[in-house]
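What follows is one structure encoded as C-alpha cells, with my remarks underneath.
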Amino acid sequence: MTGRGDAIAAGLLAAALLGAGQVVAQQQPAAPRTQGFLPLPTAKLYADTCAGCHGDGRTAGRAPNILDQKLLAQRTDEQLHRTIRDGVPDAGMPAFRDMLTDAQIWQLAAHLRLEAGYQAFEPVFVENPAGKVIRSEKQAFRLDVVAEGLETPWGMAFLPDGRMLVTERPGRLRIIHKGKLLPPVTGLPEVFERQDAGLLDVTVHPDYRRNGWIYLSYVEMAPGHTAPPRATASLPYSQRPPNPPNMTVVIRGRIDARNRWVDSQPVFRAPYSLYTANGSHYGSRFAWDRQGKLLFSVGDRGDMANAQKLDNPLGKIHRVNDDGTPAADNPFVNTPGAWPTIWSLGHRNPEGLAWQPGTGALWESEHGPVGGDEINIVEKGKNYGWGVVSMGIQPGITARFREGMEPPVVHYTPTIAPAGIAFYSGDRYPGWRNSLFVTGLVGQQLRRLEVKGREVTGQEVLFQQFGRVRAVSQGPDGYLYILLQSPTGAGTTINVIASTPGGVFRLTPVN
C-alpha cells in the first residue's frame, strides 16, 4: 500500500464550524490515499495541476500551502470548487474552468482534504480507557467498564429485565447480567468470519415479553463450502486463500433457560447466486418502526451496480413484518420484478440506523469509498445514489449530485467509517438531549452531532484515542453505552481489519 501499511486506517479532528452554525463536516484528518493497491488518480491530478505552485505540503511552493488543515477548515467544498474553477486573479491564480471538467474540480477538492488529513494525522492511543474523564462542550463524563473480555463486539440490545445482549464478530452471542459476562449462547448457526464478516447485529422484538423473539444478522457460507483456517486472515492479501461465497443473513430465534439458541427461523436470505467471495460491505443494522415492522440494512457486497437494481436486495435498506415477509405498504411491493422488501436503495455499506425523537425520521450512517462517508435521512422509496454519485473518490463515479437521488445531510472526507448511531432522548445528560451520536471505526471515535430538524448545526468529537467504536445505544436506565474495540490500523502494528479485544463501556456523567 505505497509503504503506508494500512493507509486506509485513519484518525480525525473535530469538524470545523463556519459562520452561523454552518458545518464543514468534510474536514477530518486520516487520509487514505490509495484505492485498493493503486494510487488514486487525484494524486496525479494534484501533482500536474497544483503542486508546481502550492508544493506538496512537505515542500514549499511560491503560492500558499493549500494542504494546510487550518486553511481548509475555513472553506466549504463549494468554496474550494469555486476557487479552483474561477481562480483568484488578484493573487495570480488562473481559472481552471477550461482545463478541468466540473467532475475533476470536485474530485480535486476532495483530494485536498484527503492529503491534508493524511499529513496531519499522528494518532496517539490510550491503552486503557477505563475511568477516563472527558470534558466535552456540554457534558463531562467518565468511561466506566460494564464488561470486558469480548472480542470485536459488534451489536448490542437490551432485554426488558435489564440484561444486555452483545454479539462478537467471531460468532458468539453473549449476555451481560448485573455486570457479569455469561458464557456464549450455544446452538447458533455456523458463522463465516473473515475481514468484515461474522456475527453482526442483534435486536429484540418490541413485544419480547410475550413472544421472546431475538433477531440476529450474520454472514454465512454458501452450502458445500469450507472456510479456510482463521489464522490465514492475518497473512498479506496476496498469500490468503480465497474466501468461500458468502452473504448477509437475518434470522430470529429464542434463548431458553439453558442459554441455548432455539426455534431458529430465517427472516432474510438472498439467493445463493448472489453470494460472493468479497469480504466487505455487509451492512446489517436493525431498527423497528412504530408499526412494528423491522428495518435492516444490507451492503452492496463490493459491487456498486447492485445498489441501483430493484431486482437485487444488495445495497438496500429493507422493511419486513416480524416474520420476514414484505410489509404490505413497502414502496416497490407491487412493482414487477422488484425485491418486495426494499424500503430504500442506492446504499454502499450502511452500518447505522436511528430514529429521531419527535420527528420519526430515520437517520442512517454509511461508509463511503475513499472519503465520502455519509449521514442520511432515509425515506420510503428514495434513492441515495451509490453507484452513480458519491461525495468521495471512486473509479467510475464522477458526479456528486444527480436529480432524483438524495444528497447526504453531512459527509466526511477523509473517512471516519461511521458505524452504529443513536439519538439521545433521556435526562442523564441534559445538554445532549436530541443529539445524534455517531461511532467511528477508521476514525476510532465517538462523535456528537447537534441536530435541528433535518439539519446538523454543529459537531464535536468526544474522544478519538481509545480504539474502534462500533455501536452506541441508550439503555433503559437512560445512560449511553458503547462497544469499543482496541485500536487497529494507522498508529498501530495491527492490521486494520484484525479482530482485537473489546468491551462494553457506559458514559457516566460527572460534575
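Every number here is computed from the coordinates shown, using simple stated rules; none is lab data. Model, not experiment: these values are computed from the prediction. All Cβ positions, even for glycine, are placed from backbone atoms using ideal geometry, and neighbour counts span all protein chains on display.
Between GLU403 and ASP48, the FRET efficiency from the beta-carbon distance, with R0 = 30 Å, is close to 0.40. In terms of overall dimensions, the C-alpha atoms belonging to the chain reach 76, 58, 48 Å along their principal axes, ordered largest to smallest.
The Cα center of the range 306-335 and the Cα center of the range 426-478 differ in position by 29 Å.
In nm², what is the average projected area of the convex hull enclosing the Cα atoms of the range 238-390?
11.6
For the range 176-308, what mean projected area does the convex hull of the alpha carbons give, in nm²?
On the way: hull surface 42.7 nm².
Orientation-averaged projected area of the Cα hull: 10.7 nm².
Exposure proxy for ASP68, ASP98, ASP86: other Cβ atoms within 10 Å of each Cβ, ordered fewest to most, give ASP98, ASP86, ASP68.
Near ILE421: Cβ cut-off under 13 Å, other residues only, Lys/Arg at +1 and Asp/Glu at -1. The net charge is -2. Near SER435, the amide H atoms lying under 5 Å from its own belong to TYR424; only residues 5 or more places off or on other chains count, and H is placed 1.01 Å from N.
Packing order of peptides 420-426, 268-274, highest average first: 420-426, 268-274 (average count of other Cβ atoms within 10 Å over each peptide's residues). Taking only Cα atoms, what is the 0 to 90° angle, nearest 10, from helix 102-120's long axis to the longest principal axis of the chain? The helix 102-120 is inclined about 80 degrees to the chain. Taking other C-beta atoms within 10 angstrom as a stand-in for reagent exposure, ILE416, ILE255, ILE494 fall in the order ILE494, ILE255, ILE416, fewest first. Rounded to the nearest 500, the 222 nm mean residue ellipticity of the chain from helices alone is -2500 deg cm²/dmol, with -39,500 (n - 2.57) taken per DSSP H run of at least 4 residues.
Ranked by the mean number of other Cβ atoms within 10 Å of their residues, highest first, the peptides 390-402, 187-199 come out as 187-199, 390-402.
Taking the Kirkwood radius as the inverse of the mean 1/r across Cα pairs, report the Rg/Rh of the range 77-148. Could you put the intermediate results ahead of the total?
Values: Rg = 21.4 Å, Rh = 16.3 Å.
With Rh from the inverse mean 1/r over Cα pairs, Rg/Rh is 1.32.
With a Cα cut-off of under 20 Å and a minimum spacing of 8 residues unless on different chains, the lysine pairs in the chain number 8.
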